[in-house]
Structures are given as structure tokens and as C-alpha cells.
Amino acid sequence: MMKTHASNAVPTKIFFPPFDQPPVTLLPTPNGSGPGQEFAGPWLEIPERSPCVAGIAPVIYYSVLLSLGLPVNLLTTVALARLAARTRKPSYYYLLALTASDIVTQVVIVFVGFLLQGAVLARQVPQAVVRTANILEFAANHASVWIAVLLTVDRYHALCQPLHHRATSSPGRTYRAIATVFSAALLTGVPFYWWLDVWRDADPPSTMDELLKWAHCLIVYFVPCGVFLVTNSAIVLRLRKRGQRGAQAWRSKSTAILLGVTSLFAILWAPRIFVMLYHLYVAPVHRDWRVHLALDVANMVAMLNTAVNFGLYCFVSKTFRATVRQVIHDAHLPCTLGARPEDVGVEPVLKQVGIPQRDSNVEEGLQPGGLESSGPHVRAL
């Protein structure tokens, strides 16, 4: 909540237009601040809002990010759901929840916040709608990062306390942990209803502004990164103590994905946190075009974190790549069957998709358990 000091209030000016029109009264805006000593002049001499130097580049960037990142995350969700159903491993459920929170972030922040409110409506949105959207935006951010914290803690217990992890891990326990994080993220997003728009914030930061900005930095960056640093260091040290070389510790798929997810988050979110604190204590976005540009770029870099995990999973895990190919094949199969001419029999279609036909000689040679032993072997990440 922004403080309004009576000594800094802008004096009301009444203009008397010609003819019989009633006088027009210009009142001070709620987010506006009174002129300082260096701007002690008429109302019209207050410096204008800092220009958007980035121009249309953010709109193009967010449009491309949404058009590519959202389908990729949906594909990742289907692939991880299949792997979680097959293996029932907690790590897959945590990665699935992380992808779901990334989808919510892309819809709420990228589409609703940046594209719809910023580009289409030019921020001409009722204040209540903007503040309600703030709750969802910050809740999505908190859910995404703290699901990664859950994944980190789960990997730590699996590698450093394997017996305890096997005894306590179960799908039900994983569901409850994910539900708790989502509920806590929504609750921690409620105070950000009073988060002020930094693009229009011309007043010096109030106590509420400082509390909210520091709470944002602590919840979404400093505390999670501290957990990442401690647990990842313990995991790597434990793997080295088991007699593995330092390079081999990175070959574990679970460890590689964990370190990749947490490292990408720490790198991509660092510019936004730095600019946020710089805006809080040094120069506001409202009057400095350089801070305005820096915050634009920092937000674009931070939102890139919602679309890069798919590439990381494909690069590290052969099982994930095979599952993605199977998902794409299954999605393409109904289209192939729907486009098949009516006079084509079932036999050519079965041969095309690789389904073997029954052979009496082969069936006689099958032994019990033969089909199961020849089935695909699902490996963990």
C-alpha cells in the first residue's frame, strides 16, 4: 500500500474553459507523487513516464514463447504422466507437477499478464482485476520453484538415505506433498494483492512495498537457491564418496536432471531479482528508461525458464525421448486411421504401424511369461 503524504500532495488546479462548460478539476492520481525540489513547478512539468525502449520486441518474444512453450509443456505433461503411471516413482510425479505449474505460469503471466493486459489492453484494466491477477501470478511462481525444492529433497533422501526413502515413499505421500505445496503457494500469493505496478510506481517505496518485494525475493529465489545449494552439494559429495569419479556423478540421470533444473532456474531468475532490488533502492522504473529496459529483459529471461525443461529432459534421458516419440506416434495414429480409405483392409494398417500378425507356428513355441520378458523395459530417469 503506497503512502500519500499531505506535504507532497499536488495542489488542485481548476481551469475555467470558455463558453458555458463547467470547470474541470485535475486531482492527484493515486499512484502519482508530488513534485520534488528539482521539479517544483506546475503540474505539466512533472517528468513523463520512462519510455519502453524495447518497443515491440517483448510482444514478439512472449508470443513466440507462448506458441512454442505451451505445446511443448503439454507434450511433456503427457510423457511424464505415462512414465509416472508405469514406474510410480516420486521423481516423475514431482516433474509432472513442475510442468503443470509451468503451464499455469505461461497462461497467467505470459498470456494474461504480459500479452493481454500489457499489449492488447495497454494496461487499461480495472485495479481489482489487476490485483486479483497478481495473486495468481505470484502463486504460480511460488508453486513452480517450491515443487523443484520438493524434487531436490526427494533426490537427497533417495541417494543419502536410501533405506528410509524406500520405507516412506509412496504415491499417496507424494500427492499430499504436491497438494500441500500448491495450497501454500496460493496462500502466499494472497498478500501480493497489494503489489504495486512498478511501471507506474512514481512514489518512493513505502514499508509495504519493501516488505512485499523482499518477500518475493526470499520466497521465489534466495531461500530455494539456498536449499538447492546445500542439497545438491550433499548429493554430489555422497556420490563421490561411494567410489565414483567426479565425472561419473554427473552421469546419473536423476542427478543430472536435478542439477540442470535447479541451475537453469538460478541463472535465469538472477537478473529479475537483481533488477527488482535495484528498482527498490536505487532508481524507479517510472523515471529511468535504463531500469525500464533492464526489467523488460530480466522478465523475458525469467519466463524462458518455463519452456527449457523439455530440452533438458530430452538431452539427458533416453527413456523420456522414447516416451515422447511414442506419444507423438499415438497422436498421429488416429489421424492415419481416420484418413485411411474405406476399401483398405485392416491387414495393411496393422503392418504399417508395426503390429505383428499371429502365426500358428510362433504361438506354439511361446512359453509362459514370454510376452512379458520381451516387453519394453522402463528405466528411471
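The values are calculated or read from the model by the stated rules, or taken from the named source; none is laboratory data. Because the structure is a prediction, the values reported are computed rather than measured. All Cβ positions, glycine included, derive from the backbone under ideal geometry; neighbour counts span all protein chains shown. Each accessible area value is taken on the protein alone, full model and side chains, heavy atoms only, with ligands, DNA and RNA left out. Shrake-Rupley method; radii C 1.70, N 1.55, O 1.52, S 1.80 Å.
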Original post:
helices (runs of 4 or more DSSP H) wholly in the stretch 56-172 with at least 2 residues that are within 20 Å of LEU264 (Cα to Cα) and in contact with a strand residue (DSSP E or B) (Cβ under 9 Å, 6 or more places away or on another chain) - which ones?
Top reply: none
Original post:
What is the one condition in (1) under 25 Å from PHE320 (Cα atoms); (2) out of contact with any Phe, Trp or Tyr (no Cβ under 6 Å at 6 or more places or on another chain) that LEU80 does not satisfy?
Top reply: (2)
Original post:
Regarding VAL108, is this residue more than 27 Å from PRO171 (Cβ to Cβ) and surrounded by fewer than 18 Cβ atoms within 10 Å (Cβ to Cβ)?
Top reply: no
**OP:** Only residues that are among the hydrophobic types (A, V, I, L, M, F, W, C), touching a residue at least 60 places away in the same chain (Cβ under 8 Å) and open to solvent by 30 Å² or more (accessible area, probe 1.4 Å): list them for the stretch 301-331, please.
**Re:** LEU304, PHE310, VAL316, ILE328
Subject >> Considering residues of the stretch 255-289 that are of a type outside the set (A, V, I, L, M, F, W, C) and modelled with pLDDT under 90 only, the residue farthest from CYS225 (Cα to Cα) >> reply: ARG287
